[in-house]
Each structure stands twice: as C-alpha cells, then as structure tokens.
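No lab work stands behind these numbers, since they all come straight from the coordinates. Here the structure is a predicted model, which means the values were calculated and not measured. Here the Cβ positions follow ideal geometry from the backbone for every residue, glycine too, while neighbour counts run over all protein chains shown.
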Amino acid sequence: MAAEELGQLIQYSTLGRDVGLSPPSIKSYYEILEDTLIVHRLDPYLKKARERLFTGHKFYFFDVGVAQALAQKPIDEGRLFENVMILEIIKQLHYQKKKGELYYWRTHGGVEVDLVWESPQGLLACEFKFSSTLHPKDLNGLKSFLEKYSCKEALVIGLFDKARKIDQRIKVLPILDFYKDYLLK
C-alpha cells in the first residue's frame, strides 16, 4: 500500500481503516520504512499559523523501480517523475553538504506545490511536470504560494525544450537547466 500511495498525502487513519489496522500501527510501519531508508518523508510547510493547510505527510521511495514492483497497479508517470526529482534534490543537498529543508505545501482547498525548498538563500517553490507542455492551471499552486509567502522565485521543472519566464518570479525549466542552475551550483 505504501508503494501505491507514492507521493500522495498520507492520512494514517484512512489507511488504517482500509487495511484494518490502527493509525498508530500504520504510522509505526512508515517509521520503519523511513528508518531503513526505503522512503523519505516530506512534511508540510507550515509557516503561517492562521492558514488552514493539510498537515499529513508525503512519502517518496528511494527507487521508483522498487516502488513500481511493489505496487499492485501501475503508478502514474507524473508521480514517479516527482519522486525521482525530489529524491535527486535530497541526494544533491546531502552530497554537496548544502543547507536547506524540504517540504510540500497544500491547502485544504487542494491547491498544492510539490516542493518548497527553504535554504539560507530564501524560499524556492518547485512544481514538477512530466510533460513538455504547460497549461495555465499548472501554475495555480505556485501563484497561490507566491501570494502568501515571500518566495524569491518559483520553478516549473519538466520535459520542456527551453527555459522561459512566465512572469517576474515564475520560470519554466528543462530538467538539465534545473540541475545546472540550481543543484550543481
């Protein structure tokens, strides 16, 4: 079930009901997966006390091939891509000994940002798209986040041909440009 829920918001009570276990039992199983480095947990970005945000966790597998093999059904390519990108960022931060914390952000209304990277240089919001096209609705989460927080910039990272700016703070980047300009600097 953990593999099938890859990158999804986890509510221990709902998952427990589905499999007939208590929420604390489900939570302890996820803790074992974390302790054995099979999954990495992303916590919600909760910096404004008055805002109603989703407070569950997201989990990403150390290897999407393992996740796909464990899942009982095919996992959406977009979720697999998001998993690969987030784990690559985690690895690069670790290897390069860069400071920073990683989160996701989601409102109760369903507006979401895949990754919020909080570093000494400021906030960076990222949306991952397994696509070479961008639709206006793909920017809703980033725009909403930028309205609420002092974020230096926001990125849409995907299978795009070239980099471009949407506005003053939102950039669209191909994967290699993201690596070169953000991860390998």
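Any residue at all in the stretch 140-147 that's free of Cβ contacts under 8 Å to residues at least 40 places away in the same chain, closer than 19 Å to Glu82 by Cβ and touching a Gly at 6+ places or on another chain (Cβ under 8 Å)?
Taking every residue of the stretch 140-147 in turn, none turns out to be free of Cβ contacts under 8 Å to residues at least 40 places away in the same chain, closer than 19 Å to Glu82 by Cβ and touching a Gly at 6+ places or on another chain (Cβ under 8 Å).
When Lys47 is evaluated against the numbered criteria (1) under 25 Å from Ser150 (Cα atoms); (2) in a helix (DSSP H, G or I), which criterion, by number, is the only one it fails?
(2)
Looking at (1) surrounded by 12 or more Cβ atoms within 10 Å (Cβ to Cβ); (2) over 22 Å from Lys143 (Cβ atoms); (3) among the aromatic types (Phe, Trp, Tyr); (4) out of contact with any Leu (no Cβ under 8 Å at 6 or more places or on another chain), which is the only condition Phe81 fails?
(2)
What tally of residues in the stretch 101-143 results from selecting those that are loosely packed, with under 14 Cβ neighbours inside 10 Å and in contact with a Leu (Cβ under 8 Å, 6 or more places away or on another chain)?
Result for the stretch 101-143: 2.
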